[in-house]
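FYI, it's all coordinate maths here, none of it is from the lab. As the structure is a prediction and not an experimental result, all values here were calculated from the model. Using ideal geometry, Cβ is built from the backbone for each residue, glycine included, and neighbour counts are taken over all protein chains shown.
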Amino acid sequence: MPVRVLLADDHQIVRQGVRALLEREGFDVVGEAADGREAVRLAEHLRPDVAILDLAMPSLNGVNAAKEIFLVSPRTRTILLTMHTEDQYVLPALHAGIKGYVLKTKAAEDLVQAIHDVSQGKTYLSPGVSGAVVSAYLAKNDLPSDPLSYREREVLQLIAEGRTTKEVAALLGVSVSTAESHRSRIMEKLDIHETASLVRYAIRKGLIEP
């Protein structure tokens, strides 16, 4: 049986290119998603063996989507596609349970091997990822503490993308007052009181890209 793969990237041309590569290698691409929330919904419905997630997806980034996929489809292994090798991107991904970390600059070369490895229960990291970062993860070095809860990080990403409080509430399935309460707590915890500074914080933390 071929490995069943879900693709999630907000650029259709990227999905088309990756799909063509994977189908040529004998993988079964069972679904495509244009954002993180759609990826979670499809993973729950399709139960793929592997989900390939772009890091910088709208609505829900790749790391947080991977966490959600693990909850709704525990047998699905996740691979993150990204341009970033810095530890503030790699370590949270590994701690989130992502099993493959593939650099977009090497995707065509690395992705096939990554799928084979993670589908067999292994972890795959592109060679361009810093050896020091990998050593830090293997040594179980703690990540810097994050003052925000998982839900607050979701809300922060949506705010940084320019969503209104009403839009945040609709996307998360909560009331407007609850969404506003999340926003207020985020600002209080971070001691940040204007949207522009929230956006800069979200970029530094890898929740969105510039």
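Here are some notes:
- Near Asp49: Cβ cut-off under 13 Å, other residues only, Lys/Arg at +1 and Asp/Glu at -1. The net charge is +3.
- Electrostatic bookkeeping for His193 treats Lys and Arg as +1 and Asp and Glu as -1; over the other residues with beta carbon under 14 Å from its beta carbon, the sum is +1.
- When you restrict to C-alpha pairs under 8 Å that are six or more residues apart and normalise by the size of the chain, the relative contact order lands at 16 percent.
- Spacing of the two label points (7 Å from each Cα toward its C-beta) at His116 and Leu46, in nm: 2.3
- Within the chain, the proportion of C-alpha pairs whose separation exceeds 25 Å stands at 37%.
- Entries of Lys104/Lys205; Lys106/Lys189; Lys67/Lys189; Lys99/Lys189; Lys67/Lys104 with Cα pairs more than 27 Å apart: Lys106/Lys189; Lys99/Lys189
- Estimated 222 nm signal from helices in the chain, with DSSP H stretches of n ≥ 4 weighted -39500 (n - 2.57), rounded to 500: -15500 deg cm²/dmol
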